[in-house]
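Please treat every number below as a calculation from the coordinates, not as lab data. Owing to the predicted nature of the structure, the values given are computational and were not obtained by experimental measurement. Every residue, glycine as well, gets a Cβ built from its backbone with ideal geometry; the counts of neighbours run over all protein chains shown.
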Amino acid sequence: MTTRFFGAPVKRNEDRKLLTGQALFIDDVELPGLLHAAFLRSQVAHAKIRGIDVSEVLKRPGVVAAYTAEDLGGYWRPGPLLVSPPPIPGIVFNERTHVPLAKEVIRCAGEPLAIVVAESRYIAEDALDDIVVDLEMLPAVVDLEKALKTGTAYVHDDLGNNVAAHVHQAKGDYAKAAAKAHLTLKRRFRYEHGISSPIETRGVVAQWDARAEHMTLWDTTQAPVFVRNVLAGALGLGEGQVRVIAPFVGGGFGPKIMMLYPEEATLPWIAMRLNRPVKWIEDRFEHFVATTQERGQIHDAEIALDKDGRILGVRDVFLHDNGAYNPYGLTVPINSQCTMLGPYVIPAYDSTFTSVFTNLPIVTPYRGAGRQHGVFVIERLLDLAAHALDIDRAEIRRRNFIPKDAFPYQNELIYQDFAPLQYDSGNYEPVLDKALKAIGYDNFIREEQPKLRAQGRCVGMGIACYVEGTGIGPYEGAKVQVRANGKVSVATGIGTQGQGHFTSFAQIVADQLGVDVTDVDIVTGDTDRFYWGAGTFASRGAVVAGNAVNEASLAVRKKALKLASDAFECSEDDLVFADGKVSIVGVPGKFIRLGDLAQRANPMRGAVKPGTEPGLESTQYFGPPSGATANGVHAMIVEIDPETFDLKVLKYVVVHDCGTVINPMIVEGQIHGGVAQGIGNAFYEKLSFDDQGQLLNASLADYLLPTALDVPRMELDHTVTPSPLNPLGIKGAGEAGAIPVGALFAQAIEDALELKRKSIELLEIPLSPSRVFELIREGER
Amino acid sequence: MQPDRHELALCVNGTPYQRTVEARMLLSDFLRHELRLAGTHVGCEHGVCGACTILIDGAPVRSCLMFAVQANGCELSTIEGLAAASGDLDPLQQAMHEHHGLQCGYCTPGILMTMTAFLKENPAPTEDEVREALSGNLCRCTGYQNIVDAVLAAAANLRAAAP
């Protein structure tokens, strides 16, 4: 294979549609007779429902129907459970999955109570005011620690406690490690992660064709194949009767994998009952409570080290806020638990978590998916240890790195993909070295920082490392087909939300078949174009679907070689692919176009040999045995105003290793965006709930997303350690940018304000200027 | 209640339109669902994200914060009118493509319209000025760096092409 495109910063095929306003997003779907749905959402977090009266609603002109949980009859059912609990011995998992509309009990503010369907969205929203709701208020469970005490309210009464899950995983013997330690340090850490807030909210359009008995669902999902399967089952239809289309989706970041959201479950049911298409588009205020989010964990963590700063062991006990239901199983806390091990040799690790039901919106993975929490804890522990042992903070990390000849490295725990946590490959020191060089580490510490401090300026540096398990199974597939006009069409089952799949996958195909990237047309997220697959999550699109595209392209290449060698009566070894043609090496005039080969592979007359498949096409699948482990180092220099605690990033460096890179331009874009979300997480973004479970900052005027003034210019570099787990050597990159940013901020702010001198430690995220002010004031008392 | 309806005449990308609309219909909804010019996107409907930005008589305006009737008699420009009739991308669109200034592309139309007006006002901006002008448009994918680079490149290209 010649690699003209693979590895090159090829400009994106999908840009033109997006730049000219011609891309189809969910709210652009317009259908004859389209109705509009609006959801009445609970204003309170915890209550018994005495009654919901929708009779007035139907009197309003333009209203077509109104439904409560009772109206759904046998269609009302909880679920599904998207991810079952991993096979960990002794695991406790109390499955309580979400419901389409609250029935009897409301378990979080924002939970839908009723649906109004009307001729316009304006009328549907007006009519929500006509619904009369009679509730018996219950105390809300909000605080993680109080939730586990006796005498508290229960989110799920039948459970008799608020434990969603309890998991213990260990390697080595921590007690023995701690007994021989030179130093042990124990701290309490709090890490909050917020809401994904893609600029396009969620939306659903359902169309039922009664004559054809066929359902079409346009849906902003990251996992169209699974939505189809679950929905078909719920509606009593065969999978072939349901088509799910994820059109252009305006950002996903995790919560758009969750299913079936109440809107996904109910709109198709309504479309069938009314035999008219129905649309629902989430508004931004709804998004804060109706779309899943991440939130906080509280870690009590201890590290044991020898006198040289080598880690002997880590013990951690943490609480995870699960929200009102647990449809996504344990992915987020398991990621926290496993990712805490980082790039380090940790001979003994003992980790226990309790996942806690609260009367708050459901927690499911959001970019990083719990990894931030784990990275924050281990990186902060190392910072504390470095200070206590008077070791340079870069040096203590280097001393603990897993050596490059130790891969594959067995970390023994069970990871989110149910496989033992084994790092496939890695080489961590060069990544650290590059980052230190790029940030000017030695110069900053020896010269620049003392000089600026002497001028009264508060400047500090942060450096943080991480590994990220990416590209997990089970599998993806792709169909590659050469059309008679010589263009190539590719279909795969994953959805796409801006990751550039229309280009990166085309690069793979273009090299295998000797065509131009612009001659490859990629379809993602349409279950009628590709039937099988899992979805876009866990930084796996390029790894798993990319390799499936490669396998299918290879199979088509083989077919083309066979056909062309038959036509030319020559050896396959004498043939080359270029410019959309297969030609004989050294005889450029002797060629046949790929499109002509495709036509020959579909003859109108004559006999074919037994076993012949028509067409120049192939469908292939790829499933890795386990996830590929990416890694990186972020470094940052900040300056803080000592009066206002306003923070300015003076320099930001990312060095990462995501294996073989298909398109460096796209990967860099993913890193930029990840860091921006990490900065939001580290600095601004906190979902503030009061003690009754009310979200106090549910608007973009109150919950601040980083703007162009807040995200600094980033310097990027990378190293390449290919993954041995897939033929292309790819590791995922989607989440990496976001993961270590919290740890980096805490360290840099401490350094800038010289907080160690005052024995003030920053052990929580986010660290807004006002929170830093509070912590310093508390610390100075 | 029978909502009051109003006659409305305006021009979008040079094409005149006449419609009767409810007083409360948002301009963003009018463009998207009445005129089927769906390239203008709605991200927050409370004037923060900037995705719905269009130009009214040349000035950038959030179409979710205006009623359609308020645009009566105005000249509107939307994303659909930015590229040349030949289909060639305009210099800002082209620069966004060259610099990978978009990922999911949802915020892109609003950013293009905001920056189109900005570059008319300030043809030779500094990076800080671009960031300031861009700060009213939220993008959750790109981290802004490539958008900033695209705008600076477009400004340079526009200056070079100016007579």
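At a glance:
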item	result
Sites matching GluC sites (Glu not before Pro) across the range A:601-692 that sit in DSSP coil, with at most 13 neighbouring C-beta atoms within 10 Å	A:E643
Ratio of Rg to Rh over the range B:5-81 (Cα coordinates, Kirkwood Rh, two decimals)	0.92
Reachable lysines, given that their alpha-carbon falls under 20 Å from the alpha-carbon of A:K11 and they are not under 8 places away in the same chain	A:K487
Under 5 Å, built H, 5+ apart or other chain: amide partners of A:S197	none
Sites A:L31 and A:E715, calculated FRET efficiency, Cβ-Cβ separation with R0 41 Å, nearest 0.05	0.30
DSSP loop trypsin sites (Lys or Arg not before Pro) with at most 13 other Cβ within 10 Å excluded, longest remaining stretch of chain B	B:37-163
Rounded to whole Hz, the Karplus (6.51, -1.76, 1.60) HN-Hα couplings of the range A:395-401, x for glycine and proline	5, 5, 5, 4, 4, 9, 4
Label-point separation, A:D129 to A:K59 (7 Å along Cα→Cβ), nm	1.5 nm
For A:A114, distant residues with modelled amide H under 5 Å away	A:L40
Unsatisfied cross-links (Cα-Cα over 20 Å) in the set A:K180/A:K404; A:K558/A:K581; A:K17/A:K279; A:K180/A:K307; A:K559/A:K581; A:K103/A:K256	A:K180/A:K404; A:K17/A:K279; A:K103/A:K256
Relative contact order, percent, the range A:233-338 [alpha-carbon distance under 8 Å, six or more residues apart]	16 percent
Exposure proxy order (Cβ contacts within 10 Å, fewest to most) of A:D596, A:D641	A:D641, A:D596
Check: the protein assembly as shown dipole with +1 on Lys, Arg Cβ and -1 on Asp, Glu Cβ, in debye	1540 debye
Förster radius 45 Å - calculated FRET efficiency between A:I445 and A:L159 (Cβ-Cβ, nearest 0.05)	0.30
Inter-label distance for A:K307 and A:D690, nm, one decimal - labels placed 7 Å from Cα along Cα-to-Cβ	5.7 nm
Neighbourhood charge, 14 Å Cβ-Cβ cut-off, centred on A:K487 and excluding it, Lys, Arg +1 and Asp, Glu -1	-3
Rough spin-label spacing in nm, given labels placed 7 Å along Cα→Cβ, for A:R781 and A:S84	5.1 nm
Rel. contact order, % - alpha carbon contacts under 8 angstrom, at least six apart, the range A:78-182	30 percent
Dimensionless Rg over Rh [the range A:202-281; C-alpha; Kirkwood]	0.94
Whole-angstrom gap from the range A:705-758 to the range A:8-69, using each part's C-alpha centre	36 Å
Estimated 222 nm signal from helices in the protein assembly as shown, with DSSP H stretches of n ≥ 4 weighted -39500 (n - 2.57), rounded to 500	-7500 deg cm²/dmol
Beta bridges per DSSP with both ends in chain A, % antiparallel, nearest 5	80 percent
Positive-end residue, the range A:395-528 charge dipole about Cα centroid, Cβ charges, pick of A:A510, A:G462, A:F401	A:G462
Radius of gyration, Dmax [chain B; alpha carbons; angstrom]	16.2, 58
Relative contact order %, the range B:5-81, counting alpha carbon pairs below 8 Å whose residues are six or more apart	38 percent
Two-decimal log10 I(q)/I(0) for the range A:177-219, as the Debye equation yields it once each C-alpha is a single scatterer, q = 0.19 Å⁻¹	-0.81
Mean-position separation - Cα centroids, the range A:223-287 and the range B:126-141, in angstrom	34 Å
Long-range amide H partners of A:L183 with built H, under 5 Å	A:L305
DSSP-loop trypsin sites (Lys or Arg not before Pro) across the range A:126-228, with at most 15 other Cβ within 10 angstrom	A:K149, A:K180, A:R211
In degrees, nearest ten, helix B:108-121 long axis to first principal axis of chain B (Cα)	70 degrees
Qualifying GluC sites (Glu not before Pro) in the range A:711-781, DSSP loop, other Cβ atoms within 10 Å at most 16	A:E754
Rotationally averaged projected area of the protein assembly as shown (alpha carbon convex hull; nm²)	43.0 nm²
Added length on full extension, which subtracts the Cα-Cα distance from 0.36 nm per residue, A:R50 to A:R757	248.7 nm
